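Engineer: Here it is: the structure, laid out below.
The values are calculated or read from the model by the stated rules, or taken from the named source; none is laboratory data. As the structure is a computational prediction, the values presented were derived from the model and not from experiment. All Cβ positions, glycine included, derive from the backbone under ideal geometry; neighbour counts span all protein chains shown. Note: accessible area is taken over every heavy atom of the protein model, side chains too, but ligands, DNA and RNA are not part of it. Shrake-Rupley method; radii C 1.70, N 1.55, O 1.52, S 1.80 Å.
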Amino acid sequence: MRQATTSLTIDTRRQGLVDVTDPIERWVRDQRMAEGLLTIFCRHTSASLLIQENAAPEVRTDLEAYFARIAPESREYLHDDEGPDDMPAHLRTALTQVQLSIPLIDERLALGTWQGIYLFEHRRRPHRRTLALHVIGD
């Protein structure tokens with residue numbers, strides 16, 4: 001059994017879903033493991049991770065609009081240290097996840113045909129986000 005770790009830095013431009021599937025798949029492929037388990041961990045409290053459809057861009061648009069409705073910007077939040085999008089970003093992270101586990105089968109991530117891995121940026125301004133990757137297997 002072997003394991004490998006790395007950090008992947010993602011520069012976001014705005015609020016929304018950023019497809020991070022390709023760089024993650026490249027790194028996993030470089031580890032030359034046939035089977036195992038990949039864990040991805042987002043090291044932030046105002047960004048999160050999702051596995052979601054990667055074919056129709058309308059899915060991303062609808063998801064972003066939905067989260068804007070259920071965790072809107074508001075002056076009523078007590079926590080607004082970094083602006084009006086601060087607390088809604090934390091709420092959106094709480095409603096999603098900061099860790100994903102994906103099986104590695106036959107040297108490939110076991111994602112479905114239409115699945116991609118997304119970093120969900122919940123803040124309006126650009127950020128530099130870090131994902132910790134850990135794969136264990138043979």
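Conditions tested, residue by residue: (1) among the charged types (D, E, K, R); (2) loosely packed, with under 15 Cβ neighbours inside 10 Å; (3) assigned to a strand (DSSP E or B); (4) out of contact with any strand residue (DSSP E or B) (no Cβ under 6 Å at 6 or more places or on another chain).
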{"site": "Thr6", "(1), (2), (3), (4)": "no, yes, yes, no"}
{"site": "Ile10", "(1), (2), (3), (4)": "no, no, yes, no"}
{"site": "Arg14", "(1), (2), (3), (4)": "yes, yes, no, yes"}
{"site": "Val18", "(1), (2), (3), (4)": "no, no, yes, no"}
{"site": "Asp22", "(1), (2), (3), (4)": "yes, yes, no, yes"}
{"site": "Ile40", "(1), (2), (3), (4)": "no, no, yes, no"}
{"site": "Thr45", "(1), (2), (3), (4)": "no, yes, no, yes"}
{"site": "Ala55", "(1), (2), (3), (4)": "no, yes, no, yes"}
{"site": "Thr61", "(1), (2), (3), (4)": "no, yes, no, yes"}
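Engineer: Now a separate question. Could you look through region 104-138, keep only residues that are open to solvent by less than 10 Å² (accessible area, probe 1.4 Å), out of contact with any Cys (no Cβ under 9 Å at 6 or more places or on another chain) and aliphatic (A, V, I, L, M), and pick out the one that is nearest to Ile40 (Cα to Cα)?
Structural biologist: Leu133
Engineer: Those residues that are closer than 27 Å to Arg26 by Cα, assigned to a helix (DSSP H, G or I) and of a type in the set (Asp, Glu), I need them from region 67-123; list them, please.
Structural biologist: Passing the criteria: none in range.
Engineer: Six or more apart or on different chains, Cβ atoms under 8 Å: show the pairs whose first residue is in region 40-65 and farther than 22 Å from Arg128 by Cα and whose second is among the charged types (D, E, K, R) and in a strand (DSSP E or B).
Structural biologist: Asn54/Asp19; Val59/Glu53
Engineer: Identify all residues within region 24-38 that are out of contact with any helix residue (DSSP H, G or I) (no Cβ under 8 Å at 6 or more places or on another chain) and either at pLDDT below 95 or not in a loop (DSSP other than H, G, I, E, B) (or both); write none if there are none.
Structural biologist: Selection gives Ile24, Glu25, Arg26, Trp27, Val28, Arg29, Asp30, Gly36, Leu37.
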